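Worksheet for the structure shown next.
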Amino acid sequence: MAEPPLLRVSDVTVRFGGLTALDRVSFTAGHGEVLGVIGPNGAGKTTLFNVVCGFQQAQEGSLRWRGQVLRGHSPHRLAALGITRTLQGLGLFGHCTVLDNVMIGADRHARTGGLAGFFGLRRTAREDRALRERAMAVLADLGIDGHRDALPGALPYGLAKRVALARALVAEPDLLLLDEPAGGLSEQDMEDLGSRVRHLAESMAVVLVEHHMDLVMKVCDRVVVLDFGRVIADGTPAQVQADPAVTEAYLGAVPRA
Amino acid sequence: MAADTVIAPAPPAPVTSRAGLSPLARHLLLAVLALAAIVLLSMVVDPFTNVRLATVGYYLLAVAGLTVLTGLTGQVSLGHGAFMFVGAYTVALLVVYVPALPFWVDLLLAAVASGLAGALTGAAAARLTGPYLAGATLALAVGLPSVTQRFPDFLGGSNGLGFTVNSMPAGLAGTVPSTRWQAWVVWAVVLAALVLLANLTRGRVGRRLRAVRDDEVSAALAGIHVGRMKVFAFLVSAVCAGLAGGLQAFLLGTAAPGSFTPALSLSLLAAMVLGGVGSLWGALWGALALVFLQAGSEELTHALALGTDVSNNLPLAIYGLVLIGVVLAFPQGIHGIGRTLRTRLRPRRTPARTSADDEGEA
């Protein structure tokens, strides 16, 4: 039997009062795959991410991670599972340096408890050094190691966005959730982001919510289209683009002559 | 950030830790040096100044605890006087009712009791933010000391409990004045606690606390249990305040509700802001200001022979004015003055790096 997909979302339904934000949404994301989640504003993309991250509990349906159902799912457990997420905007720690931001992202690699921290044992110092090296390696990889001591607020938006990505990557996730990673980026930065995402997919699964269609169509292996909380299409970029239901969702019903 | 550095980032500085010392060894060394300085100082000043020296010590610990809470996790407490109250009364009750216990056990139990109180408060506080949290902790500062009125026989009512602690080793009796000995004990405890705090805030836990302060959602996504971190900060902070209270009781030989008014809680918060939020050094400047500004202005009013209405309120007014002045001129407090001067005087080698180094001193 084939290995189960990394993430399987089955029939997830979320209602806010009378509004159904997600309506029996199902999809899978597998290793080595870039999955795009698109849809008009209010289609439920961010709600879907919030369910996967445990910020929002689904009223119905289930999440499976490596075949195991996630019960009592909550955000602080994600990193340990091997799932990290970048946020819309930045969500950086504004009063911590770039290096500290990324080191906090690397926290899942640390083992020593709080008691050792009180006594500042050599072990904790060594571990801290290891975290720092990990963080520096990722910063160097993204070409922002020269800014390690800057505060995020002092960086141009494109670089700050890269810091946020570095913080998610340093945890070495198996699944990376990118919430509008191209928002506010320049043409060139978006180009870089596209090739980086392709490169990342060699070692993990990437799910991305994005409004820039050219980016989505270029980097994604598969695209899930949401509209009013329902999955209206799921297929390769070419299939999705050719789907009349998708065109209708974005542009409204095409009047028939 | 200059445009050219964006295009051509500076070569990364080598990743090294300072010296070969573990954080513990480095902080211990500093603490031993500080204790030696205190001992020397206590030999040359009069007994009255020794009491003040000890007072600076326990305020330093209380303000440092507040720094961990407010400076690192961004939770505001207007009720730290209540934790000092818990610590002071624990020591007082133990000395009075269980005189067989050595003083260090009393202090340890005071730390445990205030830690419990802090954890309970923190568990409630983790659900509150901003003004609501401040309000809840203020209620604690207002309410808790009046417990003494409810149990006047046990807790001594508004007069509190008076006692003497015989902590001095027999060998020193007669050769060392008691206030000098008290200053030594207070500072030894304070410095030991500060070593632990410095280890904690410099390392990974400090980083996690700061993450919670800056962005709770991102902190959770990095694998940090935000609620647990907040309770932990409250616990650590309350233990510091409780120890400070216990030391105060030891120093004064009394624990009375009048020492733990809401005004005390507010002074602690003001001292933290004055010294510099988020830095343990700031706590030192804050504690010094708390004791010596008060003392200095009291002496000033005395010298001016003003009416009691004026002389009673002038010290507080002076303290307030200094606070306003420092915050306006140096938003990062007294500790920020040094930092600002250093970055201005130092040649602009790698400006970003120096600021981070200073951050590390915290």
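The values are calculated or read from the model by the stated rules, or taken from the named source; none is laboratory data. Computed from a predicted structure; not experimentally measured. All Cβ positions, glycine included, derive from the backbone under ideal geometry; neighbour counts span all protein chains shown. Calculation scope for accessible area: heavy atoms of the full protein, side chains included, ligands and nucleic acids excluded. Shrake-Rupley method; radii C 1.70, N 1.55, O 1.52, S 1.80 Å.
Among the residues of the stretch B:148-157, write down those that are in contact with a helix residue (DSSP H, G or I) (Cβ under 9 Å, 6 or more places away or on another chain) and surrounded by fewer than 17 Cβ atoms within 10 Å (Cβ to Cβ).
Applying the first criterion (in contact with a helix residue (DSSP H, G or I) (Cβ under 9 Å, 6 or more places away or on another chain)) to the stretch B:148-157 yields B:148-149, B:151-152, B:154-157.
Listed by number, the residues that qualify are B:149, B:151, B:152, B:154, B:157.
Can you confirm whether residue B:54 is at pLDDT 90 or above, within 19 Å of the chain's Cα centre (by Cα), over 30 Å from residue B:229 (Cα atoms) and not acidic (Asp, Glu)?
Values: at pLDDT 90 or above: yes; within 19 Å of the chain's Cα centre (by Cα): yes; over 30 Å from residue B:229 (Cα atoms): yes; not acidic (Asp, Glu): yes.
Yes: the conditions hold for residue B:54.
Per-residue answers, yes or no, for (1) closer than 17 Å to residue B:66 by Cα; (2) open to solvent by 30 Å² or more (accessible area, probe 1.4 Å):
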{"site": "B:100", "(1), (2)": "no, yes"}
{"site": "B:111", "(1), (2)": "yes, no"}
{"site": "B:116", "(1), (2)": "yes, yes"}
{"site": "B:124", "(1), (2)": "no, yes"}
{"site": "B:127", "(1), (2)": "no, yes"}
{"site": "B:146", "(1), (2)": "no, yes"}
Within the stretch B:202-221, the residues that are more than 21 Å from residue A:51 (Cβ to Cβ) and either open to solvent by 10 Å² or more (accessible area, probe 1.4 Å) or within 7 Å of chain A (Cβ to nearest Cβ) (or both) are B:202, B:203, B:204, B:205, B:207, B:208, B:210, B:211, B:213, B:214
From the list A:189, A:149, A:128, exactly one residue is assigned to a loop (DSSP other than H, G, I, E, B), charged (D, E, K, R) and over 13 Å from the mean Cα position of the chain (by Cα). Which is it? A:149
Considering only the stretch B:282-298, state which residues are in contact (Cβ under 8 Å) with a residue 60 or more places away in the chain and open to solvent by 30 Å² or more (accessible area, probe 1.4 Å). B:284, B:288, B:292
Restricting attention to the stretch A:34-72, the residues that are under 23 Å from residue B:212 (Cβ atoms) and part of a helix (DSSP H, G or I) number exactly 5
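Between A:132, A:167, A:148, which is within 27 Å of residue B:202 (Cα to Cα) and surrounded by fewer than 23 Cβ atoms within 10 Å (Cβ to Cβ)?
Numbers: A:167 fails: surrounded by fewer than 23 Cβ atoms within 10 Å (Cβ to Cβ); A:148 fails: surrounded by fewer than 23 Cβ atoms within 10 Å (Cβ to Cβ).
That would be A:132, the only listed residue that is within 27 Å of residue B:202 (Cα to Cα) and surrounded by fewer than 23 Cβ atoms within 10 Å (Cβ to Cβ).
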Scan (1) at negative phi; (2) open to solvent by 50 Å² or more (accessible area, probe 1.4 Å) for the single condition residue A:70 breaks and write down its number. (2)
Please indicate, with yes or no, whether at least one residue in the stretch B:279-292 is more than 27 Å from residue B:146 (Cβ to Cβ), within 9 Å of chain A (Cβ to nearest Cβ) and assigned to a helix (DSSP H, G or I). no
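On the phi < 0 side of the Ramachandran plot, away from chain B (no Cβ under 14 Å) and aliphatic (A, V, I, L, M): which single residue out of A:176, A:215, A:151 fits that description? It would help to see each step written out before you state the result.
Details: A:176 fails: away from chain B (no Cβ under 14 Å); A:151 fails: away from chain B (no Cβ under 14 Å).
Exactly one residue qualifies, and that residue is A:215.
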Mind checking whether some residue in the stretch B:264-281 is farther than 21 Å from residue B:134 by Cα, open to solvent by 20 Å² or more (accessible area, probe 1.4 Å) and free of Cβ contacts under 8 Å to residues at least 24 places away in the same chain? no
How many residues are buried (at least 18 other Cβ atoms within 10 Å of the Cβ), within 8 Å of chain B (Cβ to nearest Cβ) and assigned to a helix (DSSP H, G or I) when one looks only at the stretch A:73-100? 6
Filter the stretch B:307-334 for residues that are outside any helix (DSSP H, G or I) and in contact with a helix residue (DSSP H, G or I) (Cβ under 7 Å, 6 or more places away or on another chain); which is most open to solvent (accessible area, probe 1.4 Å)? B:332
If you take the residues in the stretch B:158-190 that are buried (at least 23 other Cβ atoms within 10 Å of the Cβ) and under 30 Å from residue A:121 (Cα atoms), which one is nearest to the other protein chains (Cβ to nearest Cβ)? B:190
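Within the stretch A:102-129, how many residues turn out to be more than 8 Å from every other protein chain (Cβ to nearest Cβ) and open to solvent by less than 40 Å² (accessible area, probe 1.4 Å)?
So the first thing to find is which residues in the stretch A:102-129 are more than 8 Å from every other protein chain (Cβ to nearest Cβ), and the list is A:102, A:106, A:109, A:111, A:113, A:115-116, A:123, A:126.
From what is left, the residues that are open to solvent by less than 40 Å² (accessible area, probe 1.4 Å) are A:102, A:106, A:116.
Total meeting the criteria: 3.
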